[in-house]
Amino acid sequence: MLDHLSTKRIDWQKPRKEGITYIVDKFQGFDSANFKIISPLIDIVKIYGPLPLLISNDQLMDRINFYHEHDILVSVGSTLTEYALLEKSFDKYVEDASKLGFDIVEVGENNIELSLEKKKQIAAKLKSKDLVALWKVGKKDPRRQVSFDQTITKINEAIEVGSEKILLEGNLGYDVGIYDEKGNIKWNIVGAVTSKISPNKIIFETPLEIQQAAMIAEFGQRVNLGETNLENVISIESQRKGFLSPSSYGISSMKKIAKGSPATKFIYYIIRTRNSMEQSELISITNLPRRTVQTGLEELKDQGLIIEKTNLDDTRKKIYHIVKDEWI
């Protein structure tokens, strides 16, 4: 119906690499017939927290098989993984997760700290059982938040041990990670993170509907959203396809105004106008000294407005893109 008014999905077929919708199953009731209709819009389901411990293995396998019948991957959450690691039962945990039919195991550092070597061991163990490790970065406790530098370090460690996607902790959506105490997105932090890490590698946990709408408004249909509820799936997909939902009204997206010297603002204007530029091209066009251009580029990266990539034609050179260009 009205197909000509709907934006086509870039990754419309599973398994999707972008535009992932990752929901949480808290053993809420749902209508099987309606679920069958919306199941093509769901990529992954996480069996929430300790719930796998509270029912029999047969009941859990039935739940997992139900999702598999609808072409949905099933994950076990990081809380249970941390518990197994703390209790020195990780090998048995991995064995059980594999036998039960889980596809993905979240691994976080909410209550533990893992060395890079330990992460490599965890990744290898999961891979040996055909389980995908999905690393989560951040802490649930507002009083123990990790710094920006620590966040980037842990994301890079996850990438180094083979993770294709990284979860950014969102907990309940308040006063954690990229959210302030009112649940508003801290766009300066989002911009800073995505200037260092390509946003298509990140699954943003967005427990609140307004957060989901804001992320889609900012990054477009390709943004990966996690920690979402079943009742939000239709709203999320409609926004991915270009339709507004009630939560879309009044949202504020990332502020794209460069701060700093006139030279820095001029450099940003040139990159934004040309979409992407090499440093040598910027020097030639602006007639600014090399040092001034380099300083301006560093300021813009720190503000989360541009991203630096290696020129594939000449790996000695760097190309600078506007952050949102990743999603056009």
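To keep it simple, each residue is scored yes or no on (1) in the same structural domain as P199 (by TED's automatic domain parsing); (2) of a type in the set (V, I, T); (3) surrounded by fewer than 16 Cβ atoms within 10 Å (Cβ to Cβ).
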| position | (1), (2), (3) |
| --- | --- |
| S284 | no, no, yes |
| N287 | no, no, yes |
| T292 | no, yes, no |
| L297 | no, no, no |
| R316 | no, no, yes |
| I319 | no, yes, no |
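Looking across I37, I44, one residue alone is at pLDDT 95 or above, out of contact with any Pro (no Cβ under 7 Å at 6 or more places or on another chain), of a type in the set (V, I, T) and on the phi < 0 side of the Ramachandran plot. It is I44. Of the residues in region 63-81, none is in the same structural domain as E227 (by TED's automatic domain parsing), crowded, with 19+ Cβ neighbours inside 10 Å, touching a residue at least 12 places away in the same chain (Cβ under 8 Å) and among the acidic types (D, E). From Y93, Y67, Y83, which residue is farther than 29 Å from K17 by Cβ, hydroxyl-bearing (S, T, Y) and in a helix (DSSP H, G or I)? On inspection, the qualifying residue turns out to be Y83. For region 192-213, a residue qualifies if it is surrounded by 23 or more Cβ atoms within 10 Å (Cβ to Cβ) and more than 12 Å from the chain's Cα centre (by Cα), and the qualifying residues are Q211, A213. Residue count for region 165-176 satisfying the condition of being closer than 20 Å to V323 by Cα and either free of Cβ contacts under 8 Å to residues at least 60 places away in the same chain or not assigned by TED's automatic domain parsing to the domain that holds K119 (or both): 2. Selection of region 110-139 for residues being assigned to a loop (DSSP other than H, G, I, E, B) and closer than 27 Å to E95 by Cβ yields N110, N111, I112, E113, L114, S115, K129, D130, L131.
The values are calculated or read from the model by the stated rules, or taken from the named source; none is laboratory data. Note that this is a predicted model, so its numbers are computed, not measured. All Cβ positions, glycine included, derive from the backbone under ideal geometry; neighbour counts span all protein chains shown.
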